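A.B. asks: Right, I'll just put the structure down here and ask away after.
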Amino acid sequence: MAAPSPLSYWLASAPAFTGGAEGGVDGSADVAIIGGGFTGLSAALALAKRGARVVLLEKGRVVGEASGRNGGQCNNGTAQDYGALSARFGKDIAKAYYRAHCDAVDTVERLAREEGIDCDFNRCGRMKLAAKPAHYDKLVRAHDLLAAEVDQNVRLVPPDRIRDEVGSDAFHGGLIQTTSAQVHPARFGMGLAEAAARAGALIYEQADVSDFQREPQGWRVTSSRGTVTAKQLLVATGGAPAVGPFGFFRRRIVSVGSFIIATQPLDDALIDRLLPGRRNYVTSKNIGNYFRLTPDNRLIFGGRARFAISDPRSDAKSGLILEAAMAEMFPALKGVGIDHVWGGMVDLTADRLPRAGETDGLYYSMGYSGHGVQMATYMGQQMARVISGEPGANPWAGLDWPSVPGHFGKPWFLPLVGLWYKWQDVIH
């Protein structure tokens, strides 16, 4: 049997981007954008459609990092528990944050429709699976609060009906958010890139930004393909690069590896037995798993198999851990062929809420904490409005963003964090 490909299944099955700018970077722009993932591409599209001259600089290839390496889930709901948000910020702000995530899913659907992007967008719903009986009790409380205050599109699956949804003995009920969706993230991202280029944005791949400096009329941005001066600058890099002029963000974002396997196509009869609802799924443990099916019947199965960064060695080790976890959860899948094993980096803030705004004239949006498919796309649109003079378009305005104590870019503490979460999964 051939070894699995280390390339993301999404990137391997997406068309190449054909609209990249040729030649060197030179001249001026209204807005320069650093980063060619969902945030940067969405912002470039929106700004170009407003008539702005946009130059986007991407270190590698567009959609090549987190935007093309995730689990393909496009879910409503926040990374934090709604009840915890309400306790911290009050009901009004908690509702606004929750609804921003719902608007984000709608934004992905709208852009796919308006730009004619073939990305398999599908409102399948997301199911959170209780890994322990006590976890179902928490899901019941979460359901009741959500239904009463902010989201009628939720329903419970009690323990005695769990096999109607998932053919596994590992779970004790679940909570479904019915309007969550699936998307082929790399096809969606490539479609955004092509749409932005059609609208007039100049998108430079292999343009590693080494410096940006404030000037009287804006910014001077230096890249490996040349220099551009811009009136305004948006940093949309996700996690801050290890080197370069991104120190402010480097101390505030913790990037941790998330790892994924893709099986060979499965028989319809087996899928009907194991995952008849064909939804998005996420387990309730801190170190849990997420999974979904593709239109060609592959199971995409991921998780934080190891608290480590993503690199070829770590990806391969994590793939074996994920394969074992999948077989334990679904014994019928033991020995099934694995076609792809890959990893990517999830950019976390300390409280798992996104951060977006402006610091010393520099605009930014990042830290989506596992909800980047939808939130990054949404925030690209919103930051385009902010840059165009609508500060109220930023739902995260006003959130403080202190640096992480002891964190200067290299996440030396990840193994300790992993041990802490493993212990929490044991005792709770």
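The values are calculated or read from the model by the stated rules, or taken from the named source; none is laboratory data. Since this is a predicted model, take the numbers as computed values, not measurements. Here the Cβ positions follow ideal geometry from the backbone for every residue, glycine too, while neighbour counts run over all protein chains shown.
A.B. asks: Residues to consider are 386, 417; find the one that is among the β-branched types (Val, Ile, Thr) and at pLDDT 95 or above.
C.D. replies: 386
A.B. asks: Within the stretch 210-229, track down each residue that is in contact with a Ser or Thr (Cβ under 9 Å, 6 or more places away or on another chain), part of a strand (DSSP E or B) and farther than 20 Å from residue 19 by Cβ.
C.D. replies: Initially, the stretch 210-229 is screened for residues in contact with a Ser or Thr (Cβ under 9 Å, 6 or more places away or on another chain), giving 210-213, 215, 217-224, 228-229.
Then keep just the ones that are part of a strand (DSSP E or B); that gives 210-213, 215, 218-223, 228-229.
Of everything in the stretch 210-229, those that are in contact with a Ser or Thr (Cβ under 9 Å, 6 or more places away or on another chain), part of a strand (DSSP E or B) and farther than 20 Å from residue 19 by Cβ turn out to be 210, 211, 212, 213, 215, 218, 219, 220, 221, 222, 229.
A.B. asks: Could you figure out which of (1) free of Cβ contacts under 8 Å to residues at least 24 places away in the same chain; (2) on the phi > 0 side of the Ramachandran plot isn't true of residue 63?
C.D. replies: (1) is the only condition that residue 63 fails.
A.B. asks: Same structure, new question: Looking only at residues in the stretch 327-368 that are in a loop (DSSP other than H, G, I, E, B) and among the charged types (D, E, K, R), which one is surrounded by the fewest Cβ atoms within 10 Å (Cβ to Cβ)? Spell out how you get there, then give the answer.
C.D. replies: Going residue by residue through the stretch 327-368, those that are in a loop (DSSP other than H, G, I, E, B) are 330, 334-337, 349-354, 360-361, 367-368.
Checking the rest, the ones that are also among the charged types (D, E, K, R) come to 334, 351-352, 360.
Details: 334: 11, 351: 16, 352: 14, 360: 6.
Selected residue: 360.
A.B. asks: Ok, one more. Would you confirm, using the coordinates I've provided, whether residue 56 is part of a strand (DSSP E or B) and buried (at least 22 other Cβ atoms within 10 Å of the Cβ)? Can you show your working first?
C.D. replies: Details: part of a strand (DSSP E or B): yes; buried (at least 22 other Cβ atoms within 10 Å of the Cβ): yes.
Taking the combined requirement at face value, the residue satisfies it.
A.B. asks: Do we have residue 71 as closer than 30 Å to residue 295 by Cβ, at pLDDT 95 or above, in contact with a strand residue (DSSP E or B) (Cβ under 9 Å, 6 or more places away or on another chain) and part of a loop (DSSP other than H, G, I, E, B) here?
C.D. replies: yes
A.B. asks: Suppose the filter is touching a residue at least 40 places away in the same chain (Cβ under 8 Å), assigned to a helix (DSSP H, G or I) and of a type in the set (Lys, Arg); does residue 273 pass it?
C.D. replies: Answer is yes for this residue.
A.B. asks: Is it the case, given these coordinates, that residue 69 is in contact with a Gly (Cβ under 8 Å, 6 or more places away or on another chain), of a type in the set (Lys, Arg) and surrounded by 16 or more Cβ atoms within 10 Å (Cβ to Cβ)?
C.D. replies: yes
A.B. asks: Counting only residues that are within 22 Å of the chain's Cα centre (by Cα), surrounded by 17 or more Cβ atoms within 10 Å (Cβ to Cβ) and over 19 Å from residue 271 (Cβ atoms), how many does the stretch 155-179 have?
C.D. replies: Total meeting the criteria: 3.
A.B. asks: Right, here's the next one. So if I check each of 16, 96, which one is at pLDDT 95 or above, in a helix (DSSP H, G or I) and surrounded by fewer than 24 Cβ atoms within 10 Å (Cβ to Cβ)?
C.D. replies: From the options 16, 96, the qualifying one is 96.
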